[in-house]
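To start, the structure itself, in structure tokens.
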Amino acid sequence: MSDLTFLAPGRLVLMILPAALTVAYLVLQARRKRYALRFTTVSMLDRVAPDRPGWRRHLTALGVIAAVVVATFGFARPVIAGEVVENSKLVILAIDTSISMEATDVPPSRVDAAREAAGVFLDSVPDGVAVGVIGFDGNARQLISPTTRLDAVNGVIDRAIDRSNLGEGTAIGEAVFLGIDAIEGTSAAEDVSPEGEPTGTIVLLSDGDTTMGRPNDEAASAARTAGIPVHTIAFGTDSGTIDDPLAGTIPVPVNKAALQQLAHQTNGQALTAATADQLSDVYESLGESVTVSREQIEISDWFAGAAMAILCVAGLGSLVWSGRLP
């Protein structure tokens, strides 16, 4: 329990009580021993009461003191850090479908690797999580609304994310705005948040910078206001190129800085992937983390139950050995 902390640590001052009980018990035992040796005929006592509890009576006292210690810990309201799966969570996958995703620096191409890795993400999210998909190039379009039918989501990705559907331009800001609308609309329609607030995450994969539509800063401000983090994945390498029939070979390096800034402005994670395997690993870790939150879990009842159990055992031992409760 390395993460054990207390909501009311000041109450631990009451640990002085079991300490005082321990000292008092030891003093009384010392006095009783001196009295017994002074006024008792040991040989006669052995004949009259041969089955005295002896050392076992100390176990009863030890049990009572231990129960007080445990109860004091419980009174201080102990908590541990735990992970809670948010089964009502919405996740929007926003995948870049611009021409630059045709680059083959990540074989067989950036877009093919992205499509395959998206399946890894879908396999990683917990049951009950709704996932929607957005594709964006010069404009953003919703490929499938958030749904818990992840097989349908995977089918849409396989059909819609490929080289034949790549377009000119990159509208990252518009993709974020569309993702916010999808999360807020689904939250309102299905009431997935008890407080009526949008609950969701956008996972945005791109290899470039915004060239069309509203700027990233404007989209980041809207996402931050809505309380929706945007996790970005900068995908590809700086050596990526595409072939244009008119312009020839065109370099398409990854603009990591722009994507990192978008993530940081929305309290999201800024991640990078230069290979298909790295992208799969990133997607898998995101699938396990974007729907899980860390929070403090109070375990006072654990300590209360343990204290009661210790007292019961101590009382049972006292009844068996001495015929009375401690």
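Just a few scattered comments:
- Taking the range 226-326 as the region of interest, the helices (runs of 4 or more DSSP H) fully inside it that hold 3 or more residues being within 30 Å of residue 63 (Cα to Cα) and either at pLDDT below 85 or open to solvent by 80 Å² or more (accessible area, probe 1.4 Å) (or both) are 300-322.
- Residue match in the range 204-211 (condition: assigned to a helix (DSSP H, G or I), surrounded by fewer than 21 Cβ atoms within 10 Å (Cβ to Cβ), modelled with pLDDT under 95 and out of contact with any Gly (no Cβ under 7 Å at 6 or more places or on another chain)): no
- Residue in the range 18-38 that is exposed (fewer than 10 other Cβ atoms within 10 Å of the Cβ), modelled with pLDDT under 75 and outside any helix (DSSP H, G or I) present: no
- Looking only at the range 135-173, and only at residues there that are hydrophobic (A, V, I, L, M, F, W, C) and not in a helix (DSSP H, G or I), the one that is modelled with the lowest pLDDT: 161
- Odd one out for residue 140 among (1) in contact with an Asp or Glu (Cβ under 8 Å, 6 or more places away or on another chain); (2) open to solvent by less than 10 Å² (accessible area, probe 1.4 Å): (2)
- Filter pass, residue 123 being among the acidic types (Asp, Glu), open to solvent by 20 Å² or more (accessible area, probe 1.4 Å) and modelled with pLDDT under 90: yes
- For the range 105-134, a residue qualifies if it is hydrophobic (A, V, I, L, M, F, W, C) and part of a strand (DSSP E or B), and the qualifying residues are 130, 131, 133, 134.
- Considered as a group, the residues in the range 43-83 that are surrounded by fewer than 19 Cβ atoms within 10 Å (Cβ to Cβ) and in a loop (DSSP other than H, G, I, E, B) include one that is modelled with the lowest pLDDT, and that residue is 49.
- Matching residues, the range 248-278, being aliphatic (A, V, I, L, M) and under 22 Å from residue 117 (Cβ atoms): 252, 254, 258, 259, 262, 263, 270, 271, 273, 274, 276
The values are calculated or read from the model by the stated rules, or taken from the named source; none is laboratory data. The shown structure was predicted, so the numbers you read here are calculated from the model rather than taken from an experiment. All Cβ positions, even for glycine, are placed from backbone atoms using ideal geometry, and neighbour counts span all protein chains on display. Heads up: the accessible areas ignore ligands, DNA and RNA and are worked out on the full protein's heavy atoms, side chains in. Shrake-Rupley method; radii C 1.70, N 1.55, O 1.52, S 1.80 Å.
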